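The values are calculated or read from the model by the stated rules, or taken from the named source; none is laboratory data. Quick caveat: nothing in here was measured; it's all calculated off a predicted structure. As a convention, Cβ positions derive from the backbone with ideal geometry for all residues, glycine included, and neighbour counts pool all protein chains shown. Just so you know, the surface numbers come from the protein's heavy atoms only, side chains and all, with ligands and any DNA or RNA stripped out. Shrake-Rupley method; radii C 1.70, N 1.55, O 1.52, S 1.80 Å.
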Amino acid sequence: MDADAFAYWLRGPGSGEIRAERLPAPGPEDVLVRTLHTGVSRASESLVHRGGVPASQHDAMRAPFQEGDFPGPLKYGYLNVGVVEQGPAALLGRTVFCLFPHQSAYVVPAAAVHVVPDGVPARRAVLAGTVETAVNGLWDAAPLVGDRIAVVGAGMVGCCTARLLAQIPGVEVTLVDVDPAKAVVAASLGVCFAVPREADVVCSGARPGAAARIAACDLVFHTSGTSAGLQLSLELLAPEGEVIDLSWYGDAPVTLALGGSFHSSRLAIRSSQVGAVAPARRRNRTTGQRLELALELLRDPAFDALLTGASPFAQLPQVMAQLADGRLPALCHTITYEDVAPAASRLDPESRKAD
C-alpha cells in the first residue's frame, strides 16, 4: 500500500520494525505534523521493549497515542517534536511538542500539540515530557529554600529533577550515581556529584560536579529504578525525611532492609508519577498547563547536557535494542527524520475520498 508516514512498532518483546502508515485526512480541528525529532525515554521504553510491563499495569502504562497492546505488537513513545503542515492558521508552520510515538508524520487534535517557545531548539524540546515529570515530582515534594537534597539516579528524570532543584535559592543538590562519568553531566547542570560509596559526609561548599559526600538530607528524589538506589535514598535521609520515588520498576521485584532506622527515624517513601497532576497543584493546574511550563523551563541551555546522541529514524529498531541492553550508553538519545519524505501533499481531504 502507499504510505503517508512510517512508524516504529514493537512486534513483541525484544523485536521492533518500521511499518508504513496511512493517515486520516485532517478534520477542521486537527493538525498534520511532520516530525523533526523524537526522543527515546530510555527507562520506560527499555521496559516496554523487553516486555517488562506487568499485566496489572497495562492500562496505567499506556501512552496517550499508543496503538496496540502490551506486550505487542504496539506503537509506543511520547517525546515527539515536529512542524505543523496542515491545521488552524495560528499553528501552521509552528514547531510543536506532542506526546506521540516515533512516527514520521501524524494527525492529532490541535489541542494535543503544544507550541515550542521561541528560543527552545527543536531537539532540546523532546525533553519536555521528562521535564514535566520532574516538575510534578517537585510539586509532590514541595522543597524549601535552603534544603539539602540528593537525587539518586542520574538518568533523564534524575538529571532534569536535579537541574530544577538547583534553581531554588540556597538549596544544596547532589546527584548520586554508580557511574563516576556522570560527574561531567552534574557539572553541566550546576550540581554536586557523588558515587554511592561516598555518601556519608555533607557536601556543603563543594563546587558543582565535584566529587562530594552527602548525608542527612531533608529530601531525596529516587530515580534509579533499582532496589539498591531506593535503599541508599533512605540511608541518606535526616530523621523524619522523605524519599520521593519517581522510578518505574515494571515487573522487577524491590527489596528493602527496613530493620534499621526506618521506623525509629520516622522516614517516609512517597510515590510520584506523571499520569496526574500532583495533588498539591491539582486544584488549579491542568496537565496541559504543566506541559507548557516544562517547555518554558527548557529555555535553559543546561538541559542540552542530556542530549547524548542521535540516530536516523531508519536505524531505530537497532538503536532501541542497543539502548535496552546497555550496548548504547545514553541519557536522551534522539531520532532524526530528515531523510523521511514529508506527507502533507498526500493528505488533501478531497484526494482521500476515494480511499
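Using a Gaussian network model of the chain in which every pair of alpha carbons under 10 angstrom is joined by a spring, one finds that among Asp304, Asp339, Asp251 the greatest mean-square fluctuation is at Asp339. Residue order by solvent-accessible surface for Arg299, Arg270 is Arg299, Arg270, largest first, with ligands and nucleic acids left out and a 1.4 Å probe.
Roughly speaking, to the nearest percent, how much of the range 241-319's 1.4 Å accessible area is carbon and sulfur?
Working: 2260 of 4270 Å².
Reported share for carbon and sulfur atoms: 53 percent.
Between Tyr249 and Val115, what's the calculated FRET efficiency when r is the beta-carbon distance and R0 is 35 Å? Round to 0.05. That pair, Tyr249 with Val115, gives E of 0.50.
Using a Gaussian network model of the chain whose springs link C-alpha atoms within less than 10 Å, name the residue from Ala110, Ala55, Ala90 with the highest mean-square fluctuation. Evaluated over the chain, the most mobile residue of the options is Ala90. Annotation: amide H of Leu175 within the under-5 Å range of Val151, Cys192, Phe193, Ala194, sequence separation 5 or more or interchain, hydrogens built in the peptide plane. With the simple spin-label model, which puts each label point 7 Å out from Cα in the Cβ direction, the Ala20 to Thr226 separation comes to 4.5 nm.
Where only protein heavy atoms count, and the probe is 1.4 Å, what is the accessible area per residue for the chain in Å²? The partial results should precede the final answer.
On the way: 15160 Å² over 355 residues.
Counting only protein heavy atoms, the per-residue value for the chain is 43 Å².
Give the relative contact order (percent, whole number) for the range 94-200; include only Cα pairs under 8 Å separated by 6+ residues.
Details: 135 pairs, mean separation 20.1, N = 107.
Result for the range 94-200 is 19 percent.
Accessible surface comparison of Asp118, Asp300, probe 1.4 Å, protein chains only, largest first: the order is Asp118, Asp300. Find out how many positive minus negative residues lie around Asp325, taking Lys and Arg as positive, Asp and Glu as negative, among other residues whose Cβ is under 13 Å from that of Asp325. Around Asp325, the surrounding residues sum to +2. At an R0 of 35 angstrom, the distance between the Cβ atoms of Arg327 and His263 translates into a FRET efficiency of 0.25.
So how do 158-164, 32-38 stack up, highest first, on mean other-Cβ count within 10 Å? Spell out each step's value before the answer.
Details: 158-164: 28.3, 32-38: 25.0.
Per-residue Cβ counts within 10 Å, averaged per peptide and sorted highest first, yield 158-164, 32-38.
Karplus-derived 3J(HN,Hα) values for the range 41-55, using 6.51 cos²θ - 1.76 cosθ + 1.60 with θ = phi - 60°, are 7, 4, 4, 6, 6, 5, 4, 5, 4, 8, x, x, 7, x, 4 Hz; glycine and proline are entered as x.
Using only side-chain charges placed at the Cβ, +1 for Lys and Arg and -1 for Asp and Glu, the dipole size of the range 1-77 relative to its Cα centre rounds to 340 debye. Rolled with a 1.4 Å probe across the full set of protein chains, the surface gives Tyr106 an accessible area near 0 Å². Calculated FRET efficiency, Val184 to Asp300, Cβ-Cβ distance, R0 = 22 Å: about 0.80 to the nearest 0.05. Applying the Karplus relation 6.51 cos²θ - 1.76 cosθ + 1.60 with θ = phi - 60° to the range 307-324 yields 3J(HN,Hα) values of 8, 10, x, 8, 9, x, 3, 4, 8, 4, x, 6, 4, 4, 5, 6, 5, 5 Hz, where x marks Gly and Pro.
Site-free segments of the chain were taken between GluC sites (Glu not before Pro) in DSSP loops having at most 15 other Cβ atoms within 10 Å, sites themselves excluded; the longest one is 30-337.
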